[in-house]
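One structure below.
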Amino acid sequence: MANKKISQLTSMGTEGIGSADYFVTTESVGGGNYATVKTTPNQVANYVLNPVTADQISGYNKNYFFNNVDSQGFSSWTKAGSNTLNFPYLQVDLNNGGKLVTGSGISVPAVGDDMGDCVATTHLDMSQYDIINANIIYFDGTATSDTFIKKWGTTNLTVKADDDLILSGQRYVSISGQALSLENGDTQTPISGNVIITGGNLEIDPANKLIVNEIEATGTPGDKASLKLVGALSVTPSSLLDNSSVLNWSLSNIQYVRISQDETINFNHVADGQTLTMYVENFHTTDPCTAKFTSGTYGPDAAGAVRWGAEYGNEAPAIAVNKTNLYTFVRINTGIFASAVTGYVY
């Protein structure tokens, strides 16, 4: 302002944000009359950087330019680098006459890269926008030719979603690692919905178990279903309480019961093709007992009845005192066929 005549100053008005009063001598419109008016530090700074009249520019947001041409008329700017002491975020536009600009605000430029690959120094908030057209995304590692998202190092990568996390691909979603863990501490994460295995087998580590409620093998004409077991089949026996009258075949294929008098045991939940093996122990000390088995109406000719061979007179055999009989039952169509081995000392 030392190079300007006081008569060249124009009034800067009384608006502003300063709390103190600042005064400057100005020439009134038409010249000749001088007056002292109030102004603000904001207006003074604005006038020093933009010495123009008030009607030529408005507002406080100005574009500032630096001369990017040397004495020979060539551009003198260099590209930004990763050294933030020499190349901070505040930079100039190489192709726009030296306009003052800012960098990304979240990252440090890689060496010789013009802010292309960046290393984040704070959280990246997408503000509900998407990341699109990304070829490869790397986490905590060095870029390779691998086209999958990967993570190196010892720091865990955590992906959280407020609701559902959706992984989608046009062909496959590939997950690579030592194991896929569906648990968080002591909390197990179940798989919901149907699971279809194609192009390979479902293999359980021999040191662990496949624990299910029910296994069903469904075949098609020309490709019948089968279950093949290499090893031992172990079925946990189920026991009826003493003098119980109902036996549930869905609990186990191996069952047993103790009686001290004649008992009629009612079968329920019998599946076609199912086999049941059981023993009945007579623990009465003096009298033999008979266990009769029914499914539906009891009798050798009734529909759904338990059928015995002629060697038993089409009736369940008696159980001697302090002895045990071993029975085998097979459900075929509407009938249950039975056989027995009697007289075990148990």
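The values are calculated or read from the model by the stated rules, or taken from the named source; none is laboratory data. If you're wondering where the values come from, they're calculated on a predicted model, not measured in any experiment. Cβ placement follows ideal geometry from the backbone for every residue including glycine, while neighbour counts extend to all protein chains displayed. In case anyone asks, the SASA skips ligands and DNA or RNA and just uses the protein heavy atoms, side chains included. Shrake-Rupley method; radii C 1.70, N 1.55, O 1.52, S 1.80 Å.
Being surrounded by fewer than 15 Cβ atoms within 10 Å (Cβ to Cβ) and assigned to a strand (DSSP E or B) is the filter; apply it to the stretch 270-295 and report the residue that is modelled with the lowest pLDDT.
K292
Please name all residue pairs, on different chains or six or more residues apart, with Cβ atoms under 8 Å, provided the first residue is in the stretch 320-346 and is without any contact (Cβ under 8 Å) to a residue 24 or more places away in the chain and in a strand (DSSP E or B) and the second residue is among the aromatic types (F, W, Y) and open to solvent by 80 Å² or more (accessible area, probe 1.4 Å).
Cβ pairs passing all conditions: none.
Can you run down the residue pairs with Cβ atoms below 6 Å, 6 or more apart or on separate chains, where the first is in the stretch 209-222 and under 20 Å from I191 (Cβ atoms) and the partner is modelled with pLDDT of 85 or more and part of a loop (DSSP other than H, G, I, E, B)?
L210/I204
Based on what the data block shows, is T236 loosely packed, with under 10 Cβ neighbours inside 10 Å and over 30 Å from L326 (Cβ atoms)?
Against the criterion (loosely packed, with under 10 Cβ neighbours inside 10 Å and over 30 Å from L326 (Cβ atoms)), T236 does not qualify.
In this structure, does T155 turn out to be assigned to a loop (DSSP other than H, G, I, E, B), at pLDDT below 75 and under 20 Å from the mean Cα position of the chain (by Cα)? Reasoning before the result, please.
Values: assigned to a loop (DSSP other than H, G, I, E, B): yes; at pLDDT below 75: yes; under 20 Å from the mean Cα position of the chain (by Cα): yes.
The answer is yes for T155.
Within the stretch 242-269, how many residues turn out to be open to solvent by 30 Å² or more (accessible area, probe 1.4 Å) and within 17 Å of G335 (Cβ to Cβ)? It would help to see each step written out before you state the result.
Just the residues of the stretch 242-269 that are open to solvent by 30 Å² or more (accessible area, probe 1.4 Å), to begin with: 242-246, 248, 250-251, 253-254, 256, 258, 260-262, 264, 266, 268-269.
Checking the rest, the ones that are also within 17 Å of G335 (Cβ to Cβ) come to 266, 268-269.
The qualifying residues number 3.
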